[in-house]
């Protein structure tokens with residue numbers, strides 16, 4: 001719980017943002033917590049992209065490996081609308097890798113994903129550009145909480161761990177975020193209005209937020225199509241976000257099937273090969289010979305370089321190991337991945 005002075009208690013989970021800082025400081029064990037928090041979701045999304053569990057597992061590992069590399073190198077995510085939300089960044093990495101795989105060999109991806117790509121990988125952001133723009137104008141931490149509560153529908157304990165917001169405050173914080181999004185959506189529309197009647201109606205709408213006790217403004221929306229769209233966004237924001245936001249941000253979205261599969265996937269039993277190898281190699285590389293003092297003996301710059309080098313070696317070793325395992329398992333028709341769920345077709 002937060003104290004009145006704003007300090008975090010020892011029993012409170014460390015949010016993703018602080019875990020990232022720990023990883024950047026060379027404490028790679030913090031990435032294990034990131035991996036376990038997002039494992040089920042990334043795995044479920046990958047299952048709906050790949051043609052088979054082995055391919056899905058490799059897509060998921062690749063997404064986590066790319067995230068670790070970005071954190072170690074201190075590179076911000078290129079897509080502003082995904083900044084501040086590791087879950088979105090991971091799912092986006094899975095989709096990008098699956099599209100690349102489809103271009104090389106379409107048989108490596110699921111039939112539905114292959115069809116989506118063949119149809120031009122249509123991005124539904126164009127369906128509601130104004131709502132998408134309003135989303136981008138939200139603070140990153142607000143976007144993260146809204147995604148986890150409204151799109152991914154994670155349980156309060158997980159949302160609290162990811163965002164750092166205490167469980168008891170999540171619902172109130174979500175409502176505050178929605179109201180802020182409503183204000184931004186209306187403000188963006190108001191900025192480009194010229195007609196006095198439209199401006200008066202929208203100003204009334206803003207004055208009534210968040211209560212939404214509308215009179216003349218609602219009657220105006222009945223005869224003005226442009227204002228009606230704004231009013232629908234504002235009044236029905238909850239359902240519109242749940243329905244439109246995932247496909248607007250990710251393009252490919254399996255919908256409720258993704259949520260169902262995610263709920264059936266348990267957390268990982270072991271570390272992924274690339275992380276396990278990276279941690280062991282880094283520990284060995286940073287411990288001085290003849291000394292038991294592992295940490296602090298290597299300068300910050302050199303330590304970061306060693307971490308990144310170990311990461312690259314770890315990824316290569318991990319993928320080689322899993323490729324060999326997958327080939328052997330395929331030969332004997334044995335399961336080649338740690339998930340106990342089928343790949344949807």
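The values are calculated or read from the model by the stated rules, or taken from the named source; none is laboratory data. Computed from a predicted structure; not experimentally measured. Counting neighbours? That spans all protein chains shown, and the Cβs are built from the backbone with ideal geometry, glycine included.
Structural remarks
- Residue check for residue 60: crowded, with 21+ Cβ neighbours inside 10 Å, touching a helix residue (DSSP H, G or I) at 6+ places or on another chain (Cβ under 9 Å), without any contact (Cβ under 8 Å) to a residue 40 or more places away in the chain and within 17 Å of residue 35 (Cβ to Cβ): yes
- Residues of region 23-52 that are part of a helix (DSSP H, G or I) and under 19 Å from residue 255 (Cα atoms): 38, 39, 40, 41, 42, 43, 44, 45, 46, 47.
- Members of region 98-107 found to be at pLDDT 80 or above and either in a loop (DSSP other than H, G, I, E, B) or crowded, with 21+ Cβ neighbours inside 10 Å (or both), listed by number: 98, 101, 102
So that you can scan it fast, the table gives a plain yes or no per residue for (1) under 23 Å from residue 136 (Cα atoms); (2) modelled with pLDDT under 95:
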residue	(1), (2)
6	no, yes
9	no, yes
12	no, yes
16	yes, no
24	no, yes
37	no, no
53	no, yes
71	yes, yes
77	yes, yes
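- Among the candidates 117, 42, 94, the residue that is farther than 29 Å from residue 271 by Cα, buried (at least 16 other Cβ atoms within 10 Å of the Cβ) and free of Cβ contacts under 8 Å to residues at least 60 places away in the same chain is uniquely 117.
- Residue within region 60-83 that is under 26 Å from residue 169 (Cβ atoms) and part of a helix (DSSP H, G or I) present: yes
- Restricting 138, 131, 190, 145 to residues that are surrounded by 15 or more Cβ atoms within 10 Å (Cβ to Cβ) and farther than 16 Å from residue 245 by Cα narrows the list to 190.
- Criterion applied to 55, 84 was being surrounded by 15 or more Cβ atoms within 10 Å (Cβ to Cβ) and touching a strand residue (DSSP E or B) at 6+ places or on another chain (Cβ under 8 Å), and the one residue passing it is 55.
- The number of residues in region 195-216 being within 21 Å of residue 179 (Cβ to Cβ) and at pLDDT 65 or above comes to 9.
- The C-beta contact set for region 262-275 (first residue in the same structural domain as residue 44 (by TED's automatic domain parsing) and within 18 Å of residue 62 (Cβ to Cβ), second residue at pLDDT below 80 and surrounded by fewer than 11 Cβ atoms within 10 Å (Cβ to Cβ), distance under 9 angstrom, 6+ apart or interchain) comprises 265/340.
Yes/no matrix, rows are residues, columns are (1) farther than 16 Å from residue 44 by Cβ; (2) over 14 Å from the mean Cα position of the chain (by Cα); (3) not in a helix (DSSP H, G or I):
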position	(1), (2), (3)
245	yes, no, no
249	yes, no, no
253	no, no, yes
258	no, no, no
263	no, yes, no
266	no, yes, yes
270	yes, yes, yes
274	yes, yes, no
280	yes, yes, no
